[in-house]
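Engineer: Pasting a structure here, questions to come.
The values are calculated or read from the model by the stated rules, or taken from the named source; none is laboratory data. As the structure is a prediction and not an experimental result, all values here were calculated from the model. We place every Cβ from the backbone using ideal geometry, glycine too, and count neighbours over all the protein chains shown. We work out accessible area using only protein heavy atoms, side chains counted, and drop any ligands, DNA or RNA first. Shrake-Rupley method; radii C 1.70, N 1.55, O 1.52, S 1.80 Å.
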Amino acid sequence: MLKLEEVTVRYGAVTALRDVSITVEEGELVTLIGANGAGKTTTLKAISGMLPLSGGRITFEGRKIDRASPRQILALGIAHCPEGRRVFPQLTVRENLEMGAF
């Protein structure tokens, strides 16, 4: 369903991910666990099209998405929801989610 093959992402001269490969099958639950700076957020941003790849491939349901825009990837059902940042503290969780969808 979702496949990362030898994905590399760089921030300028700094390599944040090198040759990351992950396969997620339909119905499977996969978590990324690691210390700060291990590349979890970078991996998720690469999947959702928020960061360009320096190398490798990402496919979803057999379709290549590594050069698709975040909007195109979202239309496929892949979303990136960062934790705890840029929320409205006076609103409920539900209200914040509704604002994100607006």
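Engineer: Any idea which residue in segment 68-102 is most open to solvent (accessible area, probe 1.4 Å), counting only those that are over 13 Å from the mean Cα position of the chain (by Cα) and basic (Lys, Arg)?
Structural biologist: Filtering segment 68-102 for residues that are over 13 Å from the mean Cα position of the chain (by Cα) and basic (Lys, Arg), the one most open to solvent (accessible area, probe 1.4 Å) comes out as ARG86.
Engineer: Quick one: count up the residues across segment 6-45 that are touching a residue at least 40 places away in the same chain (Cβ under 8 Å), surrounded by 14 or more Cβ atoms within 10 Å (Cβ to Cβ) and either in contact with an Asp or Glu (Cβ under 9 Å, 6 or more places away or on another chain) or of a type in the set (A, V, I, L, M, F, W, C) (or both).
Structural biologist: Residues in segment 6-45 being touching a residue at least 40 places away in the same chain (Cβ under 8 Å), surrounded by 14 or more Cβ atoms within 10 Å (Cβ to Cβ) and either in contact with an Asp or Glu (Cβ under 9 Å, 6 or more places away or on another chain) or of a type in the set (A, V, I, L, M, F, W, C) (or both): 3 in total.
Engineer: A further question follows. Of all residues in segment 46-67, count the ones that are in contact (Cβ under 8 Å) with a residue 40 or more places away in the chain and surrounded by fewer than 18 Cβ atoms within 10 Å (Cβ to Cβ).
Structural biologist: Residues flagged as in contact (Cβ under 8 Å) with a residue 40 or more places away in the chain and surrounded by fewer than 18 Cβ atoms within 10 Å (Cβ to Cβ) within segment 46-67 amount to 6.
Here's the yes/no breakdown for (1) among the small types (Gly, Ala, Ser); (2) not in a helix (DSSP H, G or I):
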position	(1), (2)
GLY49	yes, yes
ARG57	no, yes
ASP66	no, yes
GLN72	no, no
ALA79	yes, yes
GLN90	no, yes
GLU95	no, no
